[in-house]
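Structure, as structure tokens:
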Amino acid sequence: MRNALVLSGTMAVLTVCLLVEPRAQQAGANANANEVVVGTLAGKPVIQPVRRGVDYRDTISPTDAAMSGPVPRLPDGHPDLTGPWEGGGSDNDIGVEGGLKPGELDALLLPAARTLKAQRSKAIYGEPYIYCLPMSVPRINPYPWKFVMGYTGKGLQYIYQLHENGDAGAHRVIYMDGRPHPKPETLIATWWGHSVGHWEGDTLVIDTIGYNDKFWFDAPGTPHSEKLHTIERWTRISYGTLVNDFTIDDPDTFSRQVQLRFVARIVKPGVELMEYICAENNQIGIAGGYLNKTDASPIGIGGGR
Amino acid sequence: MKRIVLVAFGLWSLSVAAWAHHGFETEYDNNKVVEATGVVSKIEWTNPHMHLYVDVTDKGGKVTTYNLELTSPNAIQRLGWNKNDLVAGERVTFKAHAGKVVEERAALDSLVKVGAPNQEIFKGQRPDNLGSN
């Protein structure tokens, strides 16, 4: 019996090693116990936590062999980025989730932005998301989302990004027809801004301006201004992994450009986006006695500038 | 029938940090645990979160309706439950974290039917299970 247990235990360890270690060796990386190398991008390893809080709860495990399968392609040869995916953005701490050390991003905040974040952190009921307003870019939550590749007779003209929960019923459109951004002086700031996209090889590059300054990058309220300009570089490196190399360019908020990396995972077969009308029965604030109290959010919803 | 138990939930409270953006610590009392048995009067399969209403009768005959907040109906369905798994009129025992100000508005921790005390049903707002959304 004991021998059988030892044998089965050894087999289990070997199985895990066979699934994980070859990629780790190939990439030359040393993943810790909670991390696994899920592939490479530009010759460098892409490392993922096996588990991170409640993120990725509907996804295939990164240690599953299916994750490393080939990238599906569309009839025109482009990678199919549809998903649905989970992860791939910020939620509780945009800096740490984006690969920086704790506090590293805050050190880049300009003084006014640092003050604003401090005010927001003390006013939990100021966050727009809890009132069912959009999360915007690059936020995600523990629910699936997808890119809808919008083909017409002219080819890929639009990509829509849909979140099951977090877009407040809005849709984000990324124009793929070659149009430029409107002139900044004519652009009205909106939750999702104005996004144009193009392919660089197998990477979808999305350039967005025209954001409002109301949404928060993460729960503690990391801010941005209406000068925010983001660049997303989405690369599906395998069947199960979609990398989002994310650039924040906001000279009114950060002392320099910020480069982050988020990683999304493919959901399990059968998981589809479901209806989620957030404002239907939102009872936030009642149990805590905050509803209708003027001190619930001294900065108002959003705590904008 | 109803009892309020003050419990220091060390591990549990550690995981509550993940709740920050839905304000668990401002909405619910981490240390005030309600355990009670009652009759389900209403189930709301609504967004952003499900709500379960349970009528609890104390020894004096006074009825208190608890409004228990669960996670989203989408998450519950993905775990395999549907509207036929619990209906109004059934007797249940629940454990929940009371609202900080409105005590009978509570965050569900666990729920069983009286007839099946070892079979937990649905999932509450325990971040170690499902997260905050």
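Summary of values
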| read-out | value |
| --- | --- |
| So A:PRO251, is it over 27 Å from A:CYS132 (Cβ atoms), in a loop (DSSP other than H, G, I, E, B) and within 14 Å of chain B (Cβ to nearest Cβ) | no |
| Members of the stretch B:56-71 that are free of Cβ contacts under 8 Å to residues at least 60 places away in the same chain and surrounded by 16 or more Cβ atoms within 10 Å (Cβ to Cβ) | B:VAL56, B:TYR66, B:ASN67, B:LEU68, B:GLU69, B:LEU70 |
| The stretch A:123-136, residues that are within 11 Å of chain B (Cβ to nearest Cβ), surrounded by fewer than 22 Cβ atoms within 10 Å (Cβ to Cβ) and outside any helix (DSSP H, G or I) | A:ALA123, A:CYS132 |
| Residue list for the stretch A:137-182, restricted to those being within 14 Å of A:ASP207 (Cα to Cα) and part of a loop (DSSP other than H, G, I, E, B) | A:VAL137, A:PRO138, A:MET176, A:ASP177, A:GLY178, A:ARG179, A:PRO180, A:HIS181, A:PRO182 |
| Per-region count, the stretch A:38-82, residues within 14 Å of chain B (Cβ to nearest Cβ) and hydrophobic (A, V, I, L, M, F, W, C) | 1 |
| Selected residue (criterion: modelled with the highest pLDDT) from residues of the stretch A:19-51 that are closer than 15 Å to A:THR241 by Cα, charged (D, E, K, R) and surrounded by fewer than 20 Cβ atoms within 10 Å (Cβ to Cβ) | A:LYS44 |
| Complete set of residues in the stretch B:104-120 that are in contact (Cβ under 8 Å) with a residue 24 or more places away in the chain and crowded, with 16+ Cβ neighbours inside 10 Å | B:GLU104, B:ARG105, B:ALA106, B:ALA107, B:LEU108, B:ASP109, B:LEU111, B:LYS113 |
| Flag if A:VAL54 is modelled with pLDDT under 95, touching a Lys or Arg at 6+ places or on another chain (Cβ under 8 Å) and not in a helix (DSSP H, G or I) | no |
| Total residues in the stretch A:83-101, condition part of a loop (DSSP other than H, G, I, E, B), in contact with a Leu (Cβ under 9 Å, 6 or more places away or on another chain) and either of a type in the set (D, E, K, R) or away from chain B (no Cβ under 14 Å) (or both) | 6 |
| Residue list for the stretch A:275-290, restricted to those being of a type in the set (A, V, I, L, M, F, W, C), within 18 Å of B:ALA75 (Cα to Cα) and at the interface with chain B (Cβ under 7 Å from one of its Cβ atoms) | A:ILE277, A:CYS278 |
| Residue match in the stretch A:38-45 (condition: within 29 Å of A:PRO223 (Cα to Cα) and among the hydrophobic types (A, V, I, L, M, F, W, C)) | no |
| Test result for B:ASN31, away from chain A (no Cβ under 12 Å) and either in contact with a Cys (Cβ under 7 Å, 6 or more places away or on another chain) or over 25 Å from A:ILE130 (Cβ atoms) (or both) | no |
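The values are calculated or read from the model by the stated rules, or taken from the named source; none is laboratory data. On a predicted model such as this, the values are computed, not experimentally measured, just so you know. Using ideal geometry, Cβ is built from the backbone for each residue, glycine included, and neighbour counts are taken over all protein chains shown.
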